[in-house]
Amino acid sequence: MFGKLSWSAIPLDQPIPLITSVVLILTILGVLGLVTAKGWWPYLWREWITSVDHKRIGIMYCLLGSVMLIRGFADAIMMRSQQALAINAPGYLPPEHYNQIFSAHGTIMIFFAAMPLVIGLMNFVTPLQLGVRDVAFPTLNSVSFWLTASGALLVNVSLFIGEFARTGWLPYPPLSEATYSPGVGVDYYLWAVQISGVGTLMTGINFVTTVLKMRCPGMTYLRMPMFCWTVLAASLLIVAVFPILTATLAMLSLDRYFGFHYFTNTAGGNPMMFVNLIWAWGHPEVYILVLPAFGIFSEIFSTFSGKPLFGYRSMVAATLFICIVAMMVWLHHFFTMGAGAAVNTAFGISTSIIAVGTGVKIYNWIFTMYGGRVRFSVPMLWSLGFIFTFVIGGMTGVLLAVPPADFLVHNSMFLVAHFHNVIVGGVVFGLFAGIDYWFPKAFGFRLHEGWGKAAFWFALVGFWVTFAPLYILGLQGMTRRLQHVNIEEWRPLLDLSLVGVGILIVGAVCQVVMLVVSILRRDELRDVTGDPWDGRSLEWATPSPAPFFNFAVMPNVQGEEAYWDIKLRAVESQQLSPEPRYEPIEMPVNSPVGFYTAFFATVTGFALIWQIWWLAGLGLAAAFAGFVVFAWRDVHEFHVPAEEVARVDRARRSAREALLERLGQQGAAT
Amino acid sequence: MSDLGLPAAVETLRRVREDPHRLGHRGHGPDSPVEGAGHGATGPARKRIVVGYGFWIFLLSDIVMFACFFAAFAVLRGATAGGPTPRDVVELPRVGLETAALLLSSYTCGLSFAATNARSLLWTQVFLLVTGLLGLAFVGLELQEFISLAARGITPQRSAFLTGFFGLVGLHGLHVTVAGMWLATMMAQVQVKGFRREIVHRLICFNLFWHALDIVWIGIFTIVYLMGVTP
C-alpha cells in the first residue's frame, strides 16, 4: 500500500536530524498558525501564491533562495566543525550522516539557493529594464517558481522522512546505482532535482523569448542594459543544457527503478557516460549562475561610478563568447578519467581560453571606475570585493585547467577552495550586491547602510579566513569529503578555517539584522523618488515600489542608457516631458495553475521516491485533469482603467518634479 | 479546401491571415521593421509571435534531450554483453509500417492546419482525427514490437545496448502518446470554443510539436533501425 514507506523511515534514533526536523516543523506550523490566526490567507492567496506578476514571483524566488541559503550554510557549519573535531577522533557526525550533509550542502546551494536567487533577480529586473509590463509567459513563470519550490520541499522532507543521498551533489554511478545505494536517498535527489529542473527549463524558455521578443519601442539589441544581455546568455544556456540534466537523471532513474544498464558496471553499462553527460550540463550551469551576476556588477559599476559602462560592445561580445565556450570545457572536471593526452590538452586549452572573456569583463569594470566619481555604497563594496576575490579564484581555476597540475590536486581541498572562491566570490557576492541595489525598487525603502557594510566586511574577511587554509590543505594532499582526518599537522589550518566560518556566521547575522533594522526604520529609509542610486536604466524610471503594470505608458527609447537620457533631458530643460494620454492597460489575470501543478508534482515525486505507484498514477492523472481545466479558462486578461493608470502615474510625476527641483537647486549651488 | 482560382483579393487576405507579420518574406534589418514582429525598434511582438517563438525554443530544448538519448544509444550500441545484437532486434517490415503511419500523420496534421486557416471546423476536426488515429496506429505497432521482443527475452535489462535501444525508442513513443492526449484535448477545445485566438495559438504549437516528433523519428529510423541492419 505505501511502497517502501514505513515508520522506520523517521530517524528516531538519530538525534541531530530528529531535533532539526522537529524544530523546523514547529517553526513551519508556527508560521502557518500565525498566518491563519491573523487571517492573511486570502491576501497571500490573491496577491502572492496565484500572482503572475514577474516582480512578485521574483521576490518569492529570492525568499526561497535566502531560506535555502541558510539551510545550506547550516550544513557547511556542520562540515567544517566536524572536520576540525575529527582529527584522530570520531567527531560528532557518523559517516553515513556526514555523507548526507555534504551531498545536501552542494545540492541545496546550487539548485535551491543560488539558482532561485539568480532567477529571482532575473524575474524582478528584466522586464523593468526592457521597458515592458511582464515576461513573455506570465502564467508559465508562476509554474516555474512553484516547481522549484516543490523540489526544495522534497529535499527538506528527506531530513525527516527517510534519508538524503550519500553520493555527493552529483550522484556518480556506480555508487548511485540501486546495487550500492539501495535506500531512498538518491531517489530524493533525483526527483527533487528533476522537478525543479523542469521549472528552470521553463524559466529559460520564458526569458529567451522575453528578451528577444518583448522589448519596448526603441530598445534595440545594442541599447539593452548589460544585465539583460547576461540574462539572455544565461537563458540560452539553460535551454541548451537543462534538457541534458533531465535526460541524464531520467537515465539514472531508469537504471535504479527498472534495472536498465545506462551507467551500471555490469552488462555493458558505462558509468563514465554519466560523468560526461552530467558535466556537459554542470559546467554551463556554473555560467548560468555567474553570467547574471556579471550583469549585476556591470549595472552597479556604471551606476556608482556615474559613468556609462566602459566597452559596452566588448562586454556583449565577451558575454556571448562565454556563453558558447561554456559548452566546450566540461571534460576539465575529470581530466583523470584517462581520455588521453590529446583530449585533455584540447579541453585544457578551451578552459584557459574562457578566462579571456572573463578577463575582458574585469578590465572593463576597472576602466568603468577609472575617472568616475565612485560612491562606496554597499552594492559597490560587494562589487569591489568581487573583483578582488574572483580574480584569485579565476587564477586558481586556470591553474586547475592545466592537466598535469590538475592530476596533483584533483578532488582535493584545493579544488573545494577554488570553486567556493568563484561561486561565493562571484555569484553570492553578486546576489548580495543585486539584492541591496534593487531592494528599494521592490519594497520602496533602502536597506540599512551601516549593517550592510558590516555584513560585507565580515563576509569578505570570513570567506578568506575559511578558504585560504583549504587551498593550503589541498596542496598538502588533503582530499575532499573526509569524515575524519588522521594527520595531526593539519589541525591548525582546519581550526583556522573553522574560525573563518565563525566570522561568516557574524556576517550572516549582520544580514538578518540589516533586514530587521531596515524594516523597523523604513520611514527614514524611504525612497520617495524611485531613483535612489542615480540610476541609468529604465527600472529607475518607475516609482518605488513599482506599480504592478510597471509603466503607465510604454517608454520610447532614444539611445543607450535609456533612463539616463530621459533624466538629462529633464534636468536640462528643467521640466518633465509633457503628460501623455493615458490609455487602459491589459494585464494577465492571476492563476492558481502554478501552485496546483507544484502540489501534484510534490505528491507524485514523493510517491515515486517511496514507490507508492497508485499515488504516483493518481498524481499524474490529477495533473493532467488540472491542465485541461485550466486550459478551458476563457478570460486571460483584465483591463486597468485609464483613470487608475493616470492616478498612479501622476503621483510618480509629482515625485519626479520634486526631485528635479532639488537637482536644479543643487546645480545652481555648484 | 480548394482555393484554386480564387480572386486575388481573397488570396491576399488568406496570406495575411496565415502570415500577418510577413515572417520569412523580408530582411531582419532595421530598414523594414514590421509592427508586432518583435524586431528592432517596433516594441513587443504580438501574442501569436511570442507564443510560436517560445514554443520553437521549447522544441529546441526537447531536441537536445533526444540528442542525449541518441548519444547514449551510440555509446552503448556495441555493448551487447553477449546478448542480442542490433540485427536481432530490427524487424524492418513493421518499422516500415510505423514510419509510413507517422509520416502520413504529419501530412494530415498539415492539412488540419490548412483547414484551421480556412476556419473550417469540420475539416480541422476530420484531419485532426485522422492524425490521431495514425498516431495511435504508430504507438500500437511500437507496443506490439516491444511485446514481441520481450517475449523473446529481449528486454532493456538484458544489456546496455538494449537499454539504449528501448530508452531512445521508448522516449519517442512516450512523446507521441503525450502528443496524442494533447491532440484529443485540442479537438475537444476546438469543438466547444471554436477558433478563438488562444485556441489557434495552441493549434500552431501542437502542429509544431507533431512535426518535430516526426523529424526525430526519421533520426531514429535511420540510426537505430536502418543502420542496425546494414553491416
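The values are calculated or read from the model by the stated rules, or taken from the named source; none is laboratory data. As the structure is a prediction and not an experimental result, all values here were calculated from the model. Ideal geometry is used to build each Cβ from the backbone, glycine not excepted, and the neighbour counts take in all protein chains shown. These area figures cover heavy atoms from the full protein model, side chains too; ligands, DNA and RNA do not enter into them. Shrake-Rupley method; radii C 1.70, N 1.55, O 1.52, S 1.80 Å.
Rounded to the nearest percent, how much of the accessible area of the protein assembly as shown (1.4 Å probe, protein heavy atoms only) is carbon and sulfur?
Working: 25890 of 36520 Å².
Carbon with sulfur: 71 percent of the solvent-accessible area.
How well do other chains shield peptide B:149-162, expressed as the mean number of their Cβ atoms within 10 Å of each residue Cβ?
Working: counts 0, 0, 0, 0, 0, 0, 3, 8, 5, 4, 5, 11, 3, 4.
Across the residues of B:149-162, the mean count of other-chain Cβ atoms within 10 Å is 3.
Roughly speaking, what is the centre-to-centre gap between the stretch B:100-170 and the stretch A:591-620 when only Cα atoms are used, to the nearest Å?
The two parts, judged by their Cα centres, are 27 Å apart.
Hey, can you rank A:499-506, B:116-123 by average C-beta count inside 10 Å, highest first? All intermediate terms of the calculation are to be shown ahead of the outcome.
Working: A:499-506: 17.6, B:116-123: 14.9.
Per-residue Cβ counts within 10 Å, averaged per peptide and sorted highest first, yield A:499-506, B:116-123.
In units of 2.2 N^0.38 Å, what is the alpha-carbon radius of gyration of the stretch A:582-670? Intermediate values should be presented prior to the final figure.
Numbers: Rg = 25.1 Å, N = 89, 2.2 N^0.38 = 12.1 Å.
Cα-based Rg divided by the globular estimate yields 2.07.
For the protein assembly as shown, what is the calculated [θ] at 222 nm in deg cm²/dmol (nearest 500), taking -39500 (n - 2.57) for each run of four or more DSSP H residues and dividing by its residue count? Could you put the intermediate results ahead of the total?
Values: 28 runs with 600 residues, N = 901.
My calculation for the protein assembly as shown gives -23000 deg cm²/dmol from helical runs alone.
Within the stretch A:183-227, what residues put their amide N at less than 12 Å from the label point 7 Å along the Cα-to-Cβ vector of A:TYR363?
From the stretch A:183-227, the list is empty.
Can you give me the orientation-averaged projected area of the convex hull built on the Cα atoms of the stretch A:251-319, in nm²?
Numbers: hull surface 26.1 nm².
Averaged projected hull area, Cα only: 6.5 nm².
Using a Förster distance of 45 Å, how high is the FRET efficiency between A:LEU320 and A:ARG522, based on the Cβ-Cβ distance and rounded to 0.05?
Values: r = 40 Å, r/R0 = 0.90.
After rounding, the FRET efficiency stands at 0.65.
Can you tell me the accessible area per residue over the stretch A:578-659, all protein chains present, probe 1.4 angstrom, in square angstrom?
Computed with neighbouring chains in place, this is 52 Å² per residue.
Any chance you could check the Cα centroid distance between the stretch B:46-93 and the stretch A:520-573 for me, in angstrom?
That distance is 48 Å.
If one takes the longest principal axis of the Cα atoms in chain A, at what angle in degrees, from 0 to 90 and to the nearest 10, does the Cα axis of helix A:413-422 lie?
The angle comes out at about 10 degrees.
Label-point separation (nm) for A:PHE258 and A:PHE388, each offset 7 Å from Cα along Cα-to-Cβ?
5.5
Loop only per DSSP, at most 12 neighbouring Cβ atoms within 10 Å: give me the chymotrypsin sites (Phe, Trp or Tyr not before Pro) in the stretch A:66-141, ordered by residue number. Intermediate values should be presented prior to the final figure.
Working: sites: A:PHE73, A:TYR92, A:TYR98, A:PHE102, A:PHE111, A:PHE112, A:PHE124; in loops: A:TYR92.
Of the chymotrypsin sites (Phe, Trp or Tyr not before Pro), not one in the loops of the stretch A:66-141 has a Cβ with at most 12 other Cβ atoms within 10 Å.
Shielding of B:53-66 by partners, i.e. mean partner chain Cβ atoms within 10 Å per residue?
Numbers: counts 7, 11, 2, 3, 11, 10, 1, 6, 13, 3, 1, 9, 9, 2.
The per-residue average across the peptide is 6.
With labels modelled as points extended 7 Å from the Cα through the Cβ direction, what inter-label distance (nm, one decimal) is found for A:ASP565 paired with A:LEU34?
4.7
Quick one: pull the percentage of alpha-carbon pairs in the stretch B:47-226 with a separation above 26 Å. Please report the intermediate quantities before stating the final value.
Values: 5656 of 16110 pairs.
In whole percent, the share of Cα-Cα pairs in the stretch B:47-226 beyond 26 Å is 35.
For chain A, find the longest principal axis of its Cα atoms and tell me its angle to the long axis of helix A:378-400, 0 to 90°, nearest 10.
Relative to chain A, helix A:378-400 is tipped by roughly 40 degrees.
Which entries in the list A:LYS441/B:LYS193; A:LYS441/B:LYS47; A:LYS213/A:LYS453; A:LYS4/A:LYS55 go over 32 Å, if you measure between the two C-alpha atoms of each?
A:LYS441/B:LYS193; A:LYS213/A:LYS453; A:LYS4/A:LYS55
Based on the alpha-carbon gyration tensor of the protein assembly as shown and its eigenvalue square roots a ≥ b ≥ c, which shape applies: rounded if a/c is under 1.5, prolate if not and a/b is larger than b/c, or oblate?
Details: a/c = 1.62, a/b = 1.06, b/c = 1.53.
Since a/c reaches 1.5 but b/c is at least a/b, the shape of the protein assembly as shown is classed as oblate.
With r as the distance between the Cβ atoms of A:LEU618 and A:PHE419 and R0 = 45 Å, compute the FRET efficiency 1/(1 + (r/R0)^6) and round to 0.05.
Rounded to the nearest 0.05, the efficiency is 0.65.
Within 10 Å of each Cβ in A:206-214, how many Cβ atoms from other chains are there, averaged over the peptide? Mind dumping the intermediate values first?
On the way: counts 3, 1, 7, 12, 3, 0, 7, 12, 6.
Per-residue shielding by partner chains comes out at 6.
Summing Lys, Arg as +1 and Asp, Glu as -1, what charge do residues with Cβ under 14 Å from the Cβ of A:PRO584 carry, A:PRO584 excluded? If you can, show how the numbers build up before the last one.
Numbers: positive: A:ARG133, A:ARG581, A:ARG647; negative: A:GLU583, A:GLU586, A:GLU637, A:GLU643, A:GLU644, A:ASP649.
In short, -3.
Sorted by mean Cβ packing within 10 Å, highest first, what order do the peptides A:409-416, B:194-201 take?
Values: A:409-416: 20.8, B:194-201: 14.4.
With the highest mean Cβ count within 10 Å placed first, the list reads A:409-416, B:194-201.
Only counting protein heavy atoms at a 1.4 Å probe, give the residues of the stretch B:69-93, ordered by number, whose accessible area falls by 30 Å² or more when the other protein chains are present relative to the chain alone.
B:PHE69, B:ALA72, B:VAL75, B:LEU76
Using 17 Å as the cut-off for backbone N distance, which residues of the stretch B:186-219 belong to the label zone defined by a point 7 Å from the Cα of A:GLU586 along Cα→Cβ?
B:195-202
If you average the C-alpha positions of the stretch A:85-113 and of the stretch A:471-506 separately, how far apart do those two centres end up, in angstrom?
Each part reduced to its Cα centre gives a spacing of 14 Å.
First select every other residue whose beta carbon is under 15 angstrom from the beta carbon of A:LYS307; then total the charges, Lys and Arg +1, Asp and Glu -1.
Details: positive: A:ARG373, A:ARG375, A:ARG536, A:LYS567; negative: A:GLU299, A:ASP534, A:GLU560, A:GLU561, A:ASP565.
Summing Lys/Arg as +1 and Asp/Glu as -1 gives -1.
Averaging over all projection directions, find the projected area of the Cα convex hull of the stretch A:141-289 and quote it in nm² with one decimal place. Could you put the intermediate results ahead of the total?
On the way: hull surface 39.2 nm².
In nm², the orientation-averaged hull projection of the stretch A:141-289 is 9.8.
Efficiency by 1/(1 + (r/R0)^6): what FRET value for A:ASP634 and B:LEU92, r their Cβ-Cβ distance, R0 = 45 Å, to the nearest 0.05? Could you put the intermediate results ahead of the total?
Details: r = 49 Å, r/R0 = 1.09.
E(calc), rounded to 0.05, equals 0.35.
Compute for chains B and A the buried accessible surface, both sides summed, probe 1.4 Å, and express it in Å² to the nearest 100. Let's see the in-between values first.
On the way: alone 12330 and 27660 Å², together 36520 Å².
That pair of chains buries around 3500 Å² in total.
Could you tally the net charge around A:MET226, taking each other residue with its Cβ under 10 Å from the Cβ of A:MET226, Lys/Arg +1 and Asp/Glu -1? Please report the intermediate quantities before stating the final value.
On the way: positive: A:LYS361; negative: A:GLU299.
Result for the neighbourhood of A:MET226: 0.
If you line up the long axis of helix A:593-609 against the longest principal axis of chain A, both from Cα atoms, how many degrees apart are they, to the nearest 10?
With both axes taken from Cα atoms, the answer is about 10 degrees.
Take A:GLN665 and A:ARG480, extend 7 Å from each Cα along the Cα→Cβ direction, and tell me the distance between the two endpoints in nm.
Once both label points are built, they end up 5.7 nm from each other.
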